[in-house]
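*Asks:* Could you have a look at this structure, given as structure tokens, before my questions?
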Amino acid sequence: MSTPTTTQRDDIKSRLPDLTDQFPELAKLSAAVLNATRNGPVPQGTIGLMQLRAGQIVGSTYHTIRATENLRKAGESEERITAVATWQDAPYFTDAERVVLELVEAVLTPNPFGERVSDELFAKAAAHYDDQALWTLTMAIGHFCLFVPVALIGKPIPGRPPGKNYSK
């Protein structure tokens, strides 16, 4: 039985040119939001797990690979990275991390029966995070969501760093 290997395909092309070449002010906006969330009280590992789950939910290979690479660079274990997709029954996450994963799922998943973020879910989150941390999580999710259309429409090249992830 052979072991699958990872290959970097050179024939993958983006659909659009680099967004920051078209709208340089967006790079400043993104950096400001990113710095605010980095300087907030929520651990960066928790935000990284949230970003990975968000990438999985929206079906973005670009976001999923980028979040995975960032988590690895930060020293996150392969078990935890892999288990994000099945976090509900995986034994690797704290209760505070679980509520963040549940929160991002609620925000990104349509609920035909009512609010996406119920009062019950908000209360669970508030039991682990104060107002500043809840705003940090909210802004981190918002920052991610700003770039969902960029990834799905513009199709930056997965695995390449920002600034080198567009071919057009």
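The values are calculated or read from the model by the stated rules, or taken from the named source; none is laboratory data. Nothing here was measured: the structure is a model prediction, and the numbers come from that model. Ideal geometry is used to build each Cβ from the backbone, glycine not excepted, and the neighbour counts take in all protein chains shown.
*Asks:* Across the range 148-168, what is the number of residues that are part of a loop (DSSP other than H, G, I, E, B), within 15 Å of the chain's Cα centre (by Cα) and closer than 13 Å to Gly59 by Cα?
*Replies:* 1
Each row is one residue, and each column tells you yes or no for (1) free of Cβ contacts under 8 Å to residues at least 60 places away in the same chain; (2) within 30 Å of Asp18 (Cα to Cα).
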site	(1), (2)
Thr68	yes, yes
Ile81	yes, yes
Ala90	yes, no
Arg98	yes, no
Ala125	yes, no
Ile141	no, yes
Leu152	no, yes
Ile157	no, yes
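*Asks:* Filter the range 1-27 for residues that are at pLDDT 60 or above and polar (S, T, N, Q) and give the result.
*Replies:* Once the filter is applied, which keeps residues that are at pLDDT 60 or above and polar (S, T, N, Q), the range 1-27 yields Ser14, Thr20, Gln22.
*Asks:* While we're on this one: Any residue that is modelled with pLDDT of 95 or more and acidic (Asp, Glu) - is there at least one of those in the range 110-117?
*Replies:* The answer is no, given that none of the residues of the range 110-117 is modelled with pLDDT of 95 or more and acidic (Asp, Glu).
*Asks:* Can you list residue pairs whose Cβ atoms sit under 7 Å apart, with the first residue in the range 19-34 being without any contact (Cβ under 8 Å) to a residue 40 or more places away in the chain and the second being polar (S, T, N, Q)? Count only pairs 6 or more apart in sequence or on different chains.
*Replies:* Every condition considered, the pairs that remain are Leu26/Thr20; Ala27/Thr20.
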